[in-house]
Amino acid sequence: WAHQQEESFNDVLWISEQSAIALHAAGDTWRSDDGGLNWDWYGGGAYGGLVDGEFSPDHSVLLGVSMNGTIYRSTDEGGWWEEVLTGLGTLPAEWNIRWYDNEIAHVVGAGGFVFRTEDSGVTWRQLSSGTAAQINALQMRTDRFGLAVGHGGYLLRTTDGGRMWSAQ
């Protein structure tokens with residue numbers, strides 16, 4: 001293991017069999033093209049830092065989220081990040097990004113916040129989860145049916161694409 005930076009790296013994502021990126025707490029992206037043996041600074045622009053990242057299924061868009069819930073979008077594998085939604089969350093918080101297909105993705109996290117995009121992360125809509133509890137993860141089975149889990153034992157279910165959630 002090699003020490004690269006003083007602050008934390010919070011996520012690592014494979015681009016190909018030999019290429020990967022690591023998302024840094026300072027908002028930078030580091031890249032390796034040799035299976036992780038060597039790492040170099042690759043890009044930045046996610047000034048709120050990054051705690052989670054996820055590629056669209058076709059790898060054309062990379063979404064990242066900061067600790068306060070600011071959502072970033074990159075179309076060059078993290079070389080540059082564009083802020084697409086200013087964070088509404090409280091610190092500290094965990095945030096999770098989950099793609100359903102190449103257009104639809106959700107971000108969940110602090111305060112029960114759920115955000116949905118239907119245009120590959122260009123625009124976002126806040127949805128009501130019905131709870132103020134931290135939502136840790138979300139998985140959509142179809143574009144309409146999904147489940148989410150959160151602090152305090154919350155199990156949530158949607159049948160309308162996340163517009164309405166019910167506790168189970």
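Go through the residues of region 159-168 one by one and say whether even a single one is in a loop (DSSP other than H, G, I, E, B) and at pLDDT 90 or above.
Step one: filter region 159-168 for residues in a loop (DSSP other than H, G, I, E, B), giving 159-165, 168.
Still in the running and at pLDDT 90 or above: 159-160.
The answer is yes; a qualifying residue exists.
I need the full set of residues from region 129-158 which are under 21 Å from D52 (Cα atoms), open to solvent by 70 Å² or more (accessible area, probe 1.4 Å) and part of a strand (DSSP E or B), in order please.
The answer is Q139, L147.
Does region 159-168 hold any residues that are open to solvent by 20 Å² or more (accessible area, probe 1.4 Å) and not hydroxyl-bearing (S, T, Y), and which are they?
D160, R163, M164, W165, A167, Q168
Among V114, V108, which is the only one that is within 23 Å of T29 (Cβ to Cβ) and crowded, with 18+ Cβ neighbours inside 10 Å?
V108
Of the conditions (1) touching an Asp or Glu at 6+ places or on another chain (Cβ under 8 Å); (2) closer than 24 Å to Y154 by Cα, G130 clears all except one; give me its number.
(1) is the only condition that G130 fails.
For region 6-30, what are the residues that are without any contact (Cβ under 8 Å) to a residue 40 or more places away in the chain, of a type outside the set (G, A, S), open to solvent by less than 60 Å² (accessible area, probe 1.4 Å) and part of a loop (DSSP other than H, G, I, E, B)?
D28, the sole residue that qualifies.
The values are calculated or read from the model by the stated rules, or taken from the named source; none is laboratory data. All values derive from a computational prediction rather than experimental measurement. No Cβ is skipped: glycine too gets one built from the backbone with ideal geometry, and neighbour counts run over all protein chains shown. Protein only, heavy atoms only, side chains kept; ligands, DNA and RNA dropped before computing areas. Shrake-Rupley method; radii C 1.70, N 1.55, O 1.52, S 1.80 Å.
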